[in-house]
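Computed from the coordinates by the stated procedures, all read-outs in this text should not be read as laboratory data. Just so it is clear, the structure is predicted and the values come from calculations on it, not from any experiment. Heads up, the Cβs are rebuilt from the backbone with ideal geometry, glycines too, and the neighbour counts pull from every protein chain shown.
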Amino acid sequence: MNLYGPVIGRVGNGHWTYDDFGLGRCAPVTANLTRHQPKIGGIRTEADRLSVARAQRTAPISVRVNGTEYSLGETSVSWLHQQIDERRRVGEPVSVVVSARSDSIAVTLATPGCSSGARGTRPPNRLESEVLSRWRELVLKKEDFTAGNLWAFLQYLERQV
């Protein structure tokens, strides 16, 4: 929950979005923000927008593709296709790390192309076990996972968090 009021931010396709509650569920802003600069949620300046963008990075779900991290609200299935397909096309390994943090869940999941990291220090709770099972089913068990598989998992994870 965003304690500072509504959030506005730029997503990967260059459009500004408005998020009423800071939950990463954004709707397009209809006003042209570069020309009119409407006051939405008390945000007017570029510095305010940058501050909000930093706050969005602490979203409950984040996706890191080859080291660059984005909140779930900044991603889309087409963006994931672009990121994954382009890296595979040029022969780069694809590393995707998904992190989710809430009161009921704390997981960090990585695709096979990522270097190995530390394992959890405690056994997963019931919800985390379900999430891990779904991750294995949709992403890890696929020889070459697709952006569609990853997006399906992210949508599932968003409902759980």
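General remarks:
- Where labels lie 7 Å past Cα in the beta-carbon direction, separation of Leu132 and Ser78 in nm: 3.7 nm
- Annotation for Gln155 and Lys142: the two label points, set 7 Å from Cα along the Cα-Cβ direction, are 1.2 nm apart.
- Other residues within the sphere of radius under 11 Å centred on the Cβ of Ile105, judged by their own Cβ, net out at -1 (K and R +1, D and E -1).
- Selection of trypsin sites (Lys or Arg not before Pro), the range 70-122, meeting DSSP coil and at most 14 other Cβ within 10 Å: Arg119
- Each principal axis of the Cα cloud of the range 67-160 was evaluated for its coordinate range; sorted largest first, these ranges are 39, 26, 23 Å.
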